[in-house]
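Derivation of every value follows stated rules applied to the coordinates shown; laboratory data play no part. The shown structure was predicted, so the numbers you read here are calculated from the model rather than taken from an experiment. Using ideal geometry, Cβ is built from the backbone for each residue, glycine included, and neighbour counts are taken over all protein chains shown.
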Amino acid sequence: MTDQDKQALLKAGLDPARIREDYFIDPACKVLQTKAHFCFNSDSTDLAKFCRVYPGEAVCEIGTNNGALLLFLDRYHPASLTGIEILDQPASLARINLDRSVQADHEIFQGSVENFDRQDFDLVICNPPYFELPAADGFFNPLSLKQQARFEKNLDLKTMILQASRLLRSHGRFCFVHRPDRICEAIGQLAACNLAVSRLQIVYDHRDQQAKAILVEAIKEGTCRPQILEPIFRG
């Protein structure tokens with residue numbers, strides 16, 4: 001981490017002593033992150049490798065967190081990279097990460113995806129919160145930054161798909177990862193939002209265990225003829 005990085009962190013209200021520099025997939029893809037926030041994980045890695053990005057495309061990530069996926073996808077020479085992040089500190093960290101490394105035009109929008117106006121993206125991606133909030137009052141009240149990344153407080157499945165469809169141009173692609181036990185709900189919402197499933201890939205931690213995650217690509221105003229890709233075995 002350079003002195004310039006430290007100054008940028010301090011200006012954003014982040015303590016450099018609590019920030020570490022890791023690499024995401026490739027040692028050349030260096031990311032500043034903190035344990036106080038959600039850190040990239042195996043799902044992030046699988047989604048980054050699953051996405052297809054072509055030179056000159058406009059790419060948007062809903063819930064970009066620290067911007068790790070956008071940093072990795074910059075290698076495919078998109079025209080622009082846009083991250084949407086509702087939480088202030090992760091948005092600031094994403095902005096610093098992209099400013100220090102990314103070649104493409106880039107922007108971090110701090111706020112709700114419903115308030116972001118652009119609607120012409122070629123690719124929208126999302127590694128969303130997986131878990132519905134329990135009905136019980138007082139559950140994790142207030143939620144920590146990590147918990148907000150895991151539970152559907154700021155972004156539920158229906159909203160994610162609805163907003164992804166809104167952000168995409170005709171025949172644009174939406175790529176996301178989710179839990180297998182919510183795939184029926186996801187496919188129903190995709191169809192309701194005029195998104196046709198084009199690729200599916202199932203992820204397992206080990207060959208003798210149940211599926212851990214499902215990667216989905218859907219095309220706006222497309223035809224539902226999905227390719228089922230070879231499964232991923234992490235272990």
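Worth pointing out:
- Separation of the stretch 50-68 and the stretch 70-114, taken as the distance between their Cα centroids, equals 9 angstrom.
- In sequence order, calculated HN-Hα J values of the stretch 189-206 (Karplus, 6.51, -1.76, 1.60; Hz; x Gly/Pro): 5, 4, 4, 5, 9, 6, 10, 9, 5, 10, 8, 9, 9, 9, 10, 10, 6, 9
- The listed peptides 45-55, 172-182, 198-208, ordered by packing as a protection proxy, come out as 172-182, 45-55, 198-208 (highest mean of other Cβ atoms within 10 Å first).
- By average C-beta atoms within 10 angstrom, highest first, the peptides 191-197, 99-105, 113-119: 191-197, 99-105, 113-119
- In range of the label at Arg207: residues from the stretch 216-235 whose backbone nitrogen is under 16 Å from the point 7 Å along Cα→Cβ: 230-235
- Applying a threshold of 30 Å to the alpha-carbon distances of Lys6/Lys220; Lys30/Lys220; Lys11/Lys158; Lys30/Lys212; Lys153/Lys212; Lys6/Lys212 flags Lys6/Lys220; Lys30/Lys220; Lys11/Lys158; Lys6/Lys212 as lying beyond it.
- Label sites at Asn41 and Gln103, each approximated as a point 7 angstrom past Cα along Cα to Cβ, lie 3.3 nm apart.
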